[in-house]
Every structure is written in C-alpha cells, then in structure tokens.
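Taking it in order: structure first as structure tokens, then the write-up.
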Amino acid sequence: MNYPNQLLPQPQYKKINCSIDHLHLIRHIDPISGDEIIDSETGNIKLRYIADPTKHIADYSTSLLGKFKIEHIKIALTPEGKKFYNFYCFPNRRVKKLIYKTDFFLMHNRQYLTIKISNISENLISFETSSGLDNGRCVIEHTPMRWNFWHFSVRWKHNDSEYLHEQEEKNFSKPTQGWVRVLSTTARAMLVHHAEINNDNYEIISKNCYKNFKNVIGIKQLYIILKFLRVKKKWRVSILRKFLT
Amino acid sequence: MASPAANIPENLLCPYSYEQILIDSERMHSSKFFNDSTCSFPIVHAPDNSFMEYFLTENETNGQESYRKQTLRPKTKAFLKYFQKFITEYELNKDKLTDYSEEDIKNKFTSCLSYFLTLNPRSFSTEVSEDKSLFYTIKKDNSTFYIDQYINLENGEDEFVVTSFDKNKLGKVVSGNLYTILDVIRNGNIKD
C-alpha cells in the first residue's frame, strides 16, 4: 500500500494561517472491546475516548479534515516509523515517503471524532481561583509533522500568556484553587460537549491557505521558464506581477 | 427468597426472575434490583418498614379482586437505574480508584446522586476518570453540566468543578464544594 502523498509536507506548502473556523478537526478513536463509545444516556462520546487523564488535553493532537480524509485515521506509525516521522517539521520540508509495514500500518477497527473549530477556538473561559479571576482560551495551532502536514494541536492558554501543556505534570492534580486543574477540567468538558462521532459532513480548505508557489522557485527562475515556454510578453508580465504579490 | 404467592393474579407476575432488594433504612443503597422497571410486584427484605417511603401505593382492581399495588416512585427508579449503571462502570474501572475503598466510593456517589436527582435531570451519566475523579454529565432543559468530583479522603471534602453549557454556548465555570456547584445548576446560573 502506498502512503498518501497528500499527507506529506511539500516544498510548495506553507504554514496555514488563514481562517479555518468553518473547518473540522478529526482524531482517531481506538474502541475498547465490550465498551460502547457513546454514552447511551447522554449521547456524548465517553470521556475515556476524548482524553483521560486531563493532562492529555493540554496538547491535543488532531488533523485538519479535508485533504486529510476520514480513511487516513487508520494510519498508525510503527515504532520504527516513530523514530523519524513522529516529529514536528517545517511545512515545506522534503520528506521521504513512508513504507507500509516498515514505517506505518493500518488499524481497521479505528473510529473517529470530529470537532468543528469554531465551537472551541478562541472561546474565553472565565473562572475563579484563590488568586482571583482567571481566564483561559483554546488556541488551534498548525503544527505540521513529518508524517502529516495536516497535524493541528489543540492547546490552551492561561491569561493569554502561558500554555497549559508547558505546566508541570504535578499541577494537574493540585487543588482547584490552582488554575491548571480548573482549566484542564474545563478544556476536557468542552471537547466532550462538542465532539461528534463519525460525522462525514465537512468543508475542504482552500489551496491558497497552504500552497505557496514562491517556495518552489524564485522570480528569476519563473521568468526563465516563461521565456522558455515562449509565453507572450504581456502574459509574462502579468504572471510575474501576480507571483510577486 | 420467597416466590410469589399462588393467589397473585398472573398478569401481575413479574415476567423476569425476581431479585431481592436489600434496602438500607437510612438511604437507598441497593445491591440488586429488578431489571424491569415495569415489574409491579417486588419482593423486599428490609430491617423495618421505612422502605415504604420509596413506594407508591395504589388501589387496583382486577375483575372481582382488589389489592394494593406498590410501585417504586419515579425518583427511586431513577436512583436505582443510575446506581446500577455506576456499579457497572465502577467494576470495569476500579483500577483507577485503588487508593479508595469500594464503600467510600459508593457512599460518595450515592450522596451526590441523591442531590443531583433533586434537580430533575432529563439525563445523567457517570464515568470514572484516571484523575481519581468521578465525571458526571447532567442534562437539564437546554443546559448541560459537566461535573468533575475530585476525590479527597484526607480532609473529607471533595473538590468539584462544573462546566456549564447553554445549548452550545459555554457558560459558567465554577469550582468549590458540592453545594457551590449545586447552586450554580439550581439557579440556572449558567450564563456568564
């Protein structure tokens, strides 16, 4: 089986920084035998399939649904594959394709959850701690990885300054007077509330958001190519102008 | 355990096998219960008759005979249902709560459940979390409340965090003791 090329970083790709509120994030679920994913009483996805314990919510790995298709959630890295591919990278890095069974394999029993970005992104969370009124916010950050350009991290910021995932692990079990426990607890509840199972209704990201033609060639090279192709001068000028803007 | 008396009308016989309910006179603490809430003739074994408060007594007539029919009150049925679900959840996940005795956990849960049911939720569920907490979901009217009960046996006072939603809009986030968060839910105090 060939690894899907569209998942890999490409030389012409760039960091996604356009508005993505209308898009969805996707994350795999590994079902536990004999257990239902959905709580029959509430209709919510069970906590253990979202994040348990709460510290797992601090830097929550997902993918941007669209070019990363639903079937791609079956892809899992082997221990060998993780040694090289399970790292963050620049979006335009050239990456050697993964090899089936050596670097990755397929988990066919996986299911998935989706979250609409607008439901969680930038929501202000206000709460009181012993030190007074605090607030937190969800930030969705594009964090491409060598195996997956579409990797996004769901993170949480305290008072718009410090990240939840940079806090010491012991603070997650400290009393509620500490902001770490309250924010992580609320973060998890937000995902439980907004996560949907097996939703296949989503939009796809626009190419302008992730493709950057400039990364492939410079203006000089483009001029030479256009001349070689005998493109008429007025068209050459128009293309070069667009390239520069 | 006694089987039904021979002169009980057949249509009132529980279609499922009977289980015995042991009811603590101080609180509803069932160990087994009927698996069919429509079963209208429970067999009850209790130290005194204070358990009768959990039952509705109605006069029923079947042909020429009349008798008193006792059914569990809706809140009692709800309590038993959620308690049994919790037991199942606990049995599957007790390894996450090894620091605490089973009795302590059950007592904490039944105490909370009693209060939560006074809120008349339309749905309720419990999960055991690896944070050594019980995670409750309460749906009431158009609101949803997610409550984490962090177990603390050192000073006996558990810590609660409630995250509320009005449909999809995030509302109040409050931390404190059980009464603090009950106040949030009772007063519909969810909008920030």
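In this structure, residue A:180 does satisfy being of a type in the set (Val, Ile, Thr), over 19 Å from residue B:165 (Cβ atoms) and within 14 Å of chain B (Cβ to nearest Cβ). Of the residues A:136, A:81, the single one that is in contact (Cβ under 8 Å) with a residue 40 or more places away in the chain, within 14 Å of chain B (Cβ to nearest Cβ) and not acidic (Asp, Glu) is A:136. Looking at the structure I just gave you, is residue B:86 more than 10 Å from chain A (Cβ to nearest Cβ), touching a strand residue (DSSP E or B) at 6+ places or on another chain (Cβ under 6 Å) and modelled with pLDDT under 90? Considered against the rule, which asks whether it is more than 10 Å from chain A (Cβ to nearest Cβ), touching a strand residue (DSSP E or B) at 6+ places or on another chain (Cβ under 6 Å) and modelled with pLDDT under 90, residue B:86 comes out as no. Of all residues in the stretch A:91-145, those being hydroxyl-bearing (Ser, Thr, Tyr) and more than 29 Å from residue A:21 (Cα to Cα) number 5. Among residues of the stretch A:22-41 that are within 12 Å of another protein chain (Cβ to nearest Cβ), those with a Cβ under 8 angstrom from a residue that is surrounded by fewer than 18 Cβ atoms within 10 Å (Cβ to Cβ) and not in a loop (DSSP other than H, G, I, E, B), sequence gap 6+ or separate chain, pair up as A:35/B:92; A:38/A:197; A:41/B:85; A:41/B:123.
When every residue of the stretch A:87-99 is checked against the conditions, none turns out to be buried (at least 16 other Cβ atoms within 10 Å of the Cβ), within 14 Å of chain B (Cβ to nearest Cβ), in contact with a strand residue (DSSP E or B) (Cβ under 9 Å, 6 or more places away or on another chain) and not charged (D, E, K, R).
Against the conditions (1) modelled with pLDDT under 95; (2) outside any loop (DSSP other than H, G, I, E, B); (3) within 27 Å of residue A:32 (Cα to Cα), residue A:109 satisfies every one except (2).
Rundown of residues vs (1) surrounded by fewer than 24 Cβ atoms within 10 Å (Cβ to Cβ); (2) out of contact with any Cys (no Cβ under 8 Å at 6 or more places or on another chain); (3) away from chain B (no Cβ under 12 Å); (4) at pLDDT below 90, yes/no style:
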| site | (1), (2), (3), (4) |
| --- | --- |
| A:151 | yes, yes, yes, no |
| A:155 | yes, no, yes, no |
| A:158 | yes, yes, yes, no |
| A:162 | yes, yes, yes, no |
| A:165 | yes, yes, yes, no |
| A:172 | yes, yes, no, yes |
| A:176 | yes, yes, no, yes |
| A:189 | no, yes, no, no |
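The values are calculated or read from the model by the stated rules, or taken from the named source; none is laboratory data. The structure presented is a predicted model; accordingly, all values stated were derived computationally and were not measured. Here the Cβ is made from the backbone with ideal geometry for all residues, glycine too, and neighbour counts use every protein chain on show.
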